[in-house]
1. State the number of residues belonging to segment 146-169 that are over 26 Å from residue 21 (Cβ atoms) and touching a helix residue (DSSP H, G or I) at 6+ places or on another chain (Cβ under 7 Å).
2. Pairs, please: C-beta under 6 Å, at least 6 apart or cross-chain, first residue under 22 Å from residue 89 (Cα atoms) and in segment 179-200, second modelled with pLDDT under 90 and in a helix (DSSP H, G or I)?
3. Scan segment 42-70 residue by residue and report those that are without any contact (Cβ under 8 Å) to a residue 24 or more places away in the chain and under 30 Å from residue 175 (Cβ atoms).
4. Looking only at segment 351-363, which residues are touching a helix residue (DSSP H, G or I) at 6+ places or on another chain (Cβ under 7 Å) and either modelled with pLDDT of 85 or more or loosely packed, with under 11 Cβ neighbours inside 10 Å (or both)?
5. Kindly establish whether residue 103 is outside any loop (DSSP other than H, G, I, E, B), at pLDDT below 90 and more than 17 Å from residue 347 (Cβ to Cβ).
6. Could you please give the count of residues in segment 279-313 that are farther than 28 Å from residue 6 by Cβ and touching a residue at least 40 places away in the same chain (Cβ under 8 Å)?
7. Please work out if residue 57 is assigned to a helix (DSSP H, G or I) and either out of contact with any helix residue (DSSP H, G or I) (no Cβ under 6 Å at 6 or more places or on another chain) or over 23 Å from residue 137 (Cα atoms) (or both).
């Protein structure tokens, strides 16, 4: 386990990059449809919920510091039920990875390479994904840390859009009351998906006593990024205008003009593909790690190769339209809500209830 350890910063940025993926491309318009320009308040409420569940996950893992979720489930639920839960977690990870790649492909075809076939792009994204996942969790942590530093310049671009914005778009605050804000919260908690990686990362973390602080910092960084992008979109676009865009974050850059470069939105889209990749590839690694633990194998590369080749072959037969990709995202959101929010709460309640019982029995 020691040679696979990750540092505290890698742990934080691993979670951050898992959260800052596809969601921020559509978040401003998704929230505006429900809560108008008060959607930014929903982000703060979603952050509080994500923080609470994140802390529950760390409390669960503290009781079994050397086990991932795939070792923990059979311990508490027995061989058969634990294996069933593990399979569901593996399916969730696989579905999340496939979902992220199809979104990545669709963004590329729409903004960067419109004439490129679906299967070419899937191969283009799958090969580096295989190489990173095959290198192990430490390499994924380094990649997440690098991408986090790399994306800082991208965040500064959003401030240029404020020159043409109007703060009046944000007023009055709570123009329709609290109810629309609360209704928009489910859309925000989906963007915080990624903190559930603590189920996998905790055993590999060098300084486990800082795990709680790290996951709080990671969620907070993601929340601040979501707030920045959403507020800039609301300030730049009118409340009626922002809901007309599918990807308002990318449309925002169409309004920017620099004397030394044109079509900044294409450049942003191309670089943002690295961010999307850093949020999707860890799910592939989790799926393979789970398969390996179920099969009691050490080398995770053979199942990884099988899954990668199978996905590439799938891309030849399945070329999803925008509406199909949207439907996949909807299913993924529902699946993610169950696995990242409801399941950890259930598991925490179960662990808190069963551990004292086991202690009394052993006594």
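The values are calculated or read from the model by the stated rules, or taken from the named source; none is laboratory data. Just so you know, these numbers come straight off a predicted model, no measurement behind them. Note that we place each Cβ from the backbone using ideal geometry, even for glycine, and neighbour counts take in every protein chain shown.
1. Initial filter on segment 146-169 (over 26 Å from residue 21 (Cβ atoms)): 163-164, 166-169.
Subset that is touching a helix residue (DSSP H, G or I) at 6+ places or on another chain (Cβ under 7 Å): 164, 166-167, 169.
Here the count works out to 4.
2. Listed pairs, sorted by first residue: 190/333; 191/23.
3. Correct list: 48, 52.
4. To start, the set of residues in segment 351-363 that are touching a helix residue (DSSP H, G or I) at 6+ places or on another chain (Cβ under 7 Å) comprises 351, 354.
If the condition is that a residue be touching a helix residue (DSSP H, G or I) at 6+ places or on another chain (Cβ under 7 Å) and either modelled with pLDDT of 85 or more or loosely packed, with under 11 Cβ neighbours inside 10 Å (or both), then 351 is the only one that fits.
5. Values: outside any loop (DSSP other than H, G, I, E, B): yes; at pLDDT below 90: yes; more than 17 Å from residue 347 (Cβ to Cβ): yes.
So residue 103 passes the test.
6. 1
7. Values: assigned to a helix (DSSP H, G or I): yes; either out of contact with any helix residue (DSSP H, G or I) (no Cβ under 6 Å at 6 or more places or on another chain) or over 23 Å from residue 137 (Cα atoms) (or both): no.
So residue 57 fails the test.
Per-residue answers, yes or no, for (1) crowded, with 22+ Cβ neighbours inside 10 Å; (2) over 17 Å from the mean Cα position of the chain (by Cα); (3) modelled with pLDDT under 95; (4) under 28 Å from residue 297 (Cα atoms):
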{"residue": "2", "(1), (2), (3), (4)": "no, yes, yes, yes"}
{"residue": "48", "(1), (2), (3), (4)": "no, no, no, no"}
{"residue": "77", "(1), (2), (3), (4)": "no, yes, yes, yes"}
{"residue": "81", "(1), (2), (3), (4)": "no, yes, yes, yes"}
{"residue": "109", "(1), (2), (3), (4)": "no, yes, yes, no"}
